[in-house]
Amino acid sequence: MYFSCMLSPRDIKQRIGNSAVQFVEDGMTIGAGTGSTAYWFIAALGSMVSKGFNCQVVPTSHQTEILLREHKIPVITLNEAPQIDITIDGADEIDPQLNLIKGGGGALLQEKMVAFSSRKRIIIADESKLVQQLGKFPLPVEVIAYGYKKVQTLLEREFGIPVNLRTKDLSPFITDHGHYILDCSFQRIEKAESLSNYLNSIPGVVDNGLFLNMTTAVLIGYNNGDLKILP
Ligand code: A5P
């Protein structure tokens, strides 16, 4: 009888996080992602730092900054970073061209700024994040709180889709930079580039969760324990 070995979601993420340290080198300035997969990369990096590995790290969120400090990993701000060598972060959806939806954790703005300033951008994710077409995961759009309902109504009418204000404990979810998030249920995003440009042209929109043409490589963890680097 054949038994296939299936790992738990937590074990897959831990395996991906441990393997992601293969991309970092001593002395690097590193961007550290946000979320439950990046958590394990930071834990693995922390263990290397405790053994003398030298690096400085730019966090992509307040939550990540706390985690880095818990692991005694040297933290610097984006302004202080001369050049970020590599950023390692998670994603919510990854299409065959390695375009992404990010922002499920609400950190998309800082994540995009740190990624944009990085020479290499590595995405770490389990196989559930691989999709043929972006859009099933609701696209987060970060907006300033003032007048957000106008943006919400515009997007609902323009695209005929549900657009929900993200909430936490029955109040609006507030991002690290004091903004709100509108989650847009497109289901299928056909023209990601023009959509992204359109969204970012609306007064009140700060940025959106489409990360296009930004990914250097993706490290994917499979349920059976395999790891694969794409492309
Ligand atoms: C945070 O805002 C997100 O972009 C995360 O990187 C993304 O949601 C992936 O998180 P998980 O690794 O927890 O799925």
Worksheet entry | Under 19 Å from the Cα of Lys191 - lysines, other chains or at least 8 residues apart | Lys102, Lys136
Item to complete: Pull up the DSSP beta bridges for segment 75-231 and report the antiparallel fraction as a percent, rounded to 5.
Response: 65 percent
Worksheet, complete the sentence: If each part is reduced to its alpha-carbon centroid, segment 7-22 and segment 31-73 end up apart, in Å, by 15 Å
Worksheet item: Between Lys72 and Cys5, how many nm apart are label points set 7 Å from Cα along the C-beta direction?
Response: 3.3 nm
Worksheet item: Which value, in Å² rounded to 10, gives the accessible area of Val75 with a 1.4 Å probe and all protein chains present?
Response: 30 Å²
Fill in: segment 1-92: Rg to Rh, with Rh as the Kirkwood radius over Cα pairs
1.04
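What does the accessible area per residue of segment 41-157 come to in Å², with a 1.4 Å probe and no ligands, DNA or RNA counted? It would help to have the intermediate numbers written out before the result.
Values: 5400 Å² over 117 residues.
That works out to 46 Å² for each residue.
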Fill in: Label point distance in nm, Gln97-Lys149, each placed 7 Å from Cα along Cα→Cβ
3.8 nm
Discussion item. If I take all pairs of Cα atoms in the chain, what percentage of them are more than 23 Å from each other?
Written reply: 48 percent
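The chain: longest stretch without exposed GluC sites (Glu not before Pro) (DSSP loop, at most 13 other Cβ within 10 Å), sites themselves excluded?
Numbers: sites that count: Glu25, Glu80, Glu190.
Maximal segment without exposed cleavage sites: 81-189.
Classify segment 160-208 as rounded, prolate or oblate from the Cα gyration tensor: take a ≥ b ≥ c as the square roots of its eigenvalues, call it rounded if a/c is under 1.5, otherwise prolate when a/b beats b/c and oblate if not. Could the numbers behind the result be given before it?
Values: a/c = 2.78, a/b = 1.49, b/c = 1.86.
Here segment 160-208 falls in the oblate category.
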Discussion item. Between Ser201 and Asp26, what is the label-point separation in nm under the 7 Å Cα-to-beta-carbon projection?
Written reply: 5.1 nm
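Run the dipole for the chain about the Cα centre, Lys and Arg Cβ at +1, Asp and Glu Cβ at -1, nothing else charged, and hand back the magnitude in debye, nearest 20.
On the way: 21 positive and 24 negative charges, 27 e Å.
Taking the Cα centre of the chain as origin, the dipole is about 140 debye.
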Practice prompt. Rounded to the nearest 10 degrees, what's the angle between the helix 9-20 long axis and the longest principal axis of the chain, both from Cα atoms, 0 to 90?
Written response: 70 degrees
Worksheet item: Dipole of segment 151-198, Cα-centred, from +1 at each Lys and Arg C-beta and -1 at each Asp and Glu C-beta, to the nearest 20 debye?
Response: 80 debye
Discussion item. Computing the accessible area with a 1.4 Å probe over protein heavy atoms, can you report the carbon and sulfur percentage for segment 91-225?
Written reply: 51 percent
Worksheet entry | trypsin sites (Lys or Arg not before Pro), loop per DSSP, at most 12 other Cβ atoms within 10 Å - longest free stretch of the chain | 73-187
Response to the item:
Computed over segment 98-231, the relative contact order (Cα-Cα under 8 Å, seq sep at least six) in percent reads 39 percent
Practice prompt. Return the calculated 222 nm mean residue ellipticity for the chain, to the nearest 500 deg cm²/dmol, obtained by summing -39500 (n - 2.57) across DSSP H runs with n ≥ 4 and dividing by the residue count.
Written response: -8500 deg cm²/dmol
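The values are calculated or read from the model by the stated rules, or taken from the named source; none is laboratory data. Note that the coordinates shown come from a computational prediction; the quantities given were computed from them, not determined experimentally. Please note: Cβ atoms are built from the backbone with ideal geometry, for glycine as well, and neighbour counts cover all protein chains shown. Areas reflect the complete protein model, heavy atoms only, side chains present, ligands, DNA and RNA absent. Shrake-Rupley method; radii C 1.70, N 1.55, O 1.52, S 1.80 Å.
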